[in-house]
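The values are calculated or read from the model by the stated rules, or taken from the named source; none is laboratory data. Just so it is clear, the model here is predicted, and its values are computed rather than measured. For neighbour counting, all protein chains shown are included, and Cβ atoms are generated from backbone atoms with ideal geometry for every residue, glycine included. We work out accessible area using only protein heavy atoms, side chains counted, and drop any ligands, DNA or RNA first. Shrake-Rupley method; radii C 1.70, N 1.55, O 1.52, S 1.80 Å.
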Amino acid sequence: MTKFIKALQSPYMIVLLFGFKLTVYYILIGATTMDLAIYMILSIILFGTLFIVFSRSQLKNKNSIYLVLYSLLSVLMFADSMYYNYYNQTVSIKQLWQAANVAAVPDSFVATLIPASFLMFVDIPFIQYYFKKHNLVKYNDSWSFRRDIKYVIAGIWTALALLVINPTGNVTVDKINSMEFLTNHIHDIYKVVAENFEAETISAEEVLQVVEEVTPEPEGARLQGIGKGKNLILVQVESLQNFVINASYNGQIITPNLNTLLDQDTLYFDHYYSNIGKGNTVDAEFSTLNSLYPVIDRECYTLYEQNTYNGLPWLLRDEGYEAFAVHGYEGEFWNREAAYPYQGFEEFYSMEDLDSSEVIGLGISDKSMFPQAIDIMEQVEEPFFSFLVTLTSHHPYLLDGEVSSLELKEEDKETKFGAYLQTIRYTDEAIGQFINELKASGLYEDSIIVFYGDHHGLNLNMDDNDIIMSEYLGRNYDYDEMLRVPLMIHIPQSGVTKTISTTGGQIDFLPTIANIMDIEIEHPYVLGQDLVNAEDGFVAFTAYLFDGSFVHNNIMFEISREGIFEGSQAWEIGTQNEMDASLLEEDYNRAIALKETSKEILEQNLIADYVTHEIKEFDEMKKLDETKEFDETSEFDETKGFDEINELDETKESDGTIEFDETKGFDEINELDETKESDETKEFDETKEFDEIKELVR
C-alpha cells in the first residue's frame, strides 16, 4: 500500500496522467488514430518546454503561477472538447463572447456536457499535491546544462513560431495548426491580430463585380405577385428539421397540422438548408431577412448592429406595411432589442411586454405566444408584416408529461430524440391552434403565412443522435439531413399547391418572397435567388461545417477538418454515394467567394450607398407612445388594474373559447371555427389605438 501511495505521489504518475489526458482530448476533438501520435508528441514537447522555462526561472511563487497557468490551459481543453461536441470546431478567441449567451441558457449548456470532458482536470490535484511536497527545480548557476538548455528552448519556440505563421503555406503545417492544442490556439490568436493589422479593403466596385459573378440571374417570373398586398406572417420555428414533415413515429403522425398545410395553397421547399453561423437562431433570422450570409466570428446583430440594411422589414414598410416582431424571451438576448430597429422593425414584443404566466423551457410557450401575437395583429393597421419566433422546441426540449401528446417507445423515453419529437409535436399543435384562430379573427384569407426551421434540433455529434436517427430514417444520418429544414409558404385561396425541390437555403428567402409579393429590391447586395424560378441551387455553409463547405443541387461537399481543400469529402444526397471531391474545386471557390463577399458588404456597410433610413430606438418609441397615451382620450380607463382587466379577459374567453382537437387537421377545424364565430358575443372595439392595446398586452 505504501508503494502504491508513493507511486501516486511521484512525478511519473503526473506524466502518465498528462499523457492520458492528451489522448482523451484528441479523441474528443476528432483526431484520427494515424495523427494521434504526432499531436501527442508535439504537445508533450511544448508543455515540457513550458515546464522547463518555469522551473529554471527566478520567479517568486513559480509553483503557484505554473499551477494557475496549467489549470487555465486545462479549462481551455475542457472548453474545446465541449465546443467541438456541439459545433464540430474548437474554441476561437473570437467566440469568448458566447459565455454570456451560454449563461442565459443553462439547461442547454448542462445538456451538452459530456462526462469525458471532465478528464481534462484529472491531473491537476496530483500536480498540486506534488508541488506542496516539492518545489520546481531551483535555479542553479552550477547546473552544467544551463547554457545549453537556453539554446534548446529558444530553438523549440522558434520552431513553434514558424509553425504558427506557416510562411510557406504548407498543408501539413496547416493540419497541425488546426488540431494540436497549443499551436491551434496560438495560431488562432495570431490570425486575429494579423487580420487587424493587415486587413485589405476591397473596393465597392470589386465587391459588386464578385456579387454579379457568383449570384445567379433571375430565370423567370412564375408566381410573381400572387401574394401582392397581403399581410405577411413569417414564423421561424425553433429547431424544426425537415425529416419530421409527413413522417410518423410509433404509429403517430408527428406534425399533422403542418402536413395539412401542404395539401392546399402551399409552396413547400423540401431541399431547404440552414446556413447559420455561431449565432444560431439570430443568424437564421438575419440571413432570412437580408439575403446575406452570417459570419463565423459572432452574431451579426451585434457585430453589425448599426449598419444600414434594406431587408424584408424595410422593403415592406416602403410598401405601406407596419412591421413588428414577437419573441417569448428577454428582449436583450442575442441583442435583438438593439438590432431590430436597424433591421426595420417598428415594434418588438418580448417577454417583458407579453403575458409570461405560461413558460415552458426557455420562454413563453408557443401556445401562449401565438394567441398574444394575434391580439396584436388584430389592432395593427393592415397590411402588416409580423415576424414571430417560437421557443418551446428549444434545446434541451423540456416538456412536462401533461402537455406531451406522443406515445414514446420505451427505449426513446430518456433520449434527446424522444424529447425532441415531443416538443415538435407540441409546437405543431400550437401551429394548428394558430391557424384556427387566424381564421376566426378574419386575418387568415388576407395573409401569407410562412413557416421555416431556423436550424437543426438533433446534432449528429451528440447524444447518440447519429445512431438513433440512422435507425429511424433507415439511412445514414449526416450533415445533409441535419442541416435540412423545411420552408412552407401558405397563400390562402391562391390555388397554388406545389413541392419545389430546387436546393436552397435561408439566404434565398428574401428574393423568393419578393417575387411572390411583387416587391422590388433596390440594391444589388442580395446573395440568394428566387427559388420559385431557379433551376440550379447552391448554398454555402458557415457553422458546423467549415468555410468552403456547400450543397450544390444533390451534391454535399464537406471541407476537410483542417479547413483546406485537400482531404475534403463529397457525396450524393439521397444515395450517399461518395464522389471525387477533387473535381469540385470551382464550387469550393464559389462558396468561399460568397462568404467573403458577404462579409465585405457588412464590414464596409455597402448597402448605405443605396438607401438611407431614419432609425428610432425602441426606447424612444416607447416614450412617444407614453406621451401619446397621456394626451389621448379614449374608452379605456387607464386607472384599471390588471385584476379588472383579467376579469374582462376571462369573460371574453368564456364567450369565445373553442375546443381544439390537437390531432385534427384544418378541414375538421373549420366547422369549429364557424361555431366559434356564431357563439362569440364580444366584439372588439376596432377604434382603440394600438398603443392602448400594447399596454393591455403588457
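Counting charges near Leu391 (Lys, Arg +1; Asp, Glu -1) among other residues having Cβ under 12 Å from its Cβ returns a value of -4. Considering only Gly277, Ser356, Ser291, the residue lying farthest towards the positive end of the dipole of region 271-384 is Gly277, judged by Cα position with unit charges set on Cβ. The fraction of accessible area contributed by carbon and sulfur in region 415-517 is 40 percent, rounded to a whole number (1.4 Å probe; ligands and nucleic acids excluded). Over all other residues within a Cβ to Cβ distance under 11 Å of Glu219, the charged ones net out to -3, with Lys and Arg as +1 and Asp and Glu as -1. For His455, the shell of other residues with beta-carbons less than 9 Å away shows a net charge of -3, using +1 for Lys and Arg and -1 for Asp and Glu.
With all protein chains in place and ligands, DNA and RNA left out, the 1.4 Å accessible area ranks Val244, Val192 as Val192, Val244, largest first. The solvent-accessible area of Tyr129, taken with every protein chain present and a 1.4 Å probe, is close to 90 Å².
Across region 544-558, the residues whose backbone nitrogen lies under 15 Å from the label position 7 Å along the beta-carbon direction of Thr575 are 554-556. Were the residues from Leu59 through Lys228 laid out at 0.36 nm apart, the gain over their Cα-Cα distance would be 53.5 nm. With a Förster radius of 30 Å applied to the C-beta separation of Ala159 and Thr23, the computed FRET efficiency comes to 0.80. Loop-resident trypsin sites (Lys or Arg not before Pro) (DSSP state other than H, G, I, E or B) in region 53-93 with no more than 13 further Cβ atoms inside 10 Å of their Cβ: Lys60. Computed from the alpha carbon positions, the gyration tensor of region 425-522 leads to an equivalent ellipsoid with semi-axes of 31, 19, 11 Å, biggest first. Peptides 297-305, 66-74 ranked from most to least packed, by the mean per-residue count of other Cβ atoms within 10 Å: 297-305, 66-74.
Heavy-atom accessible surface of Lys409, to the nearest 10 Å², is about 80 Å², with a 1.4 Å probe and all protein chains retained.
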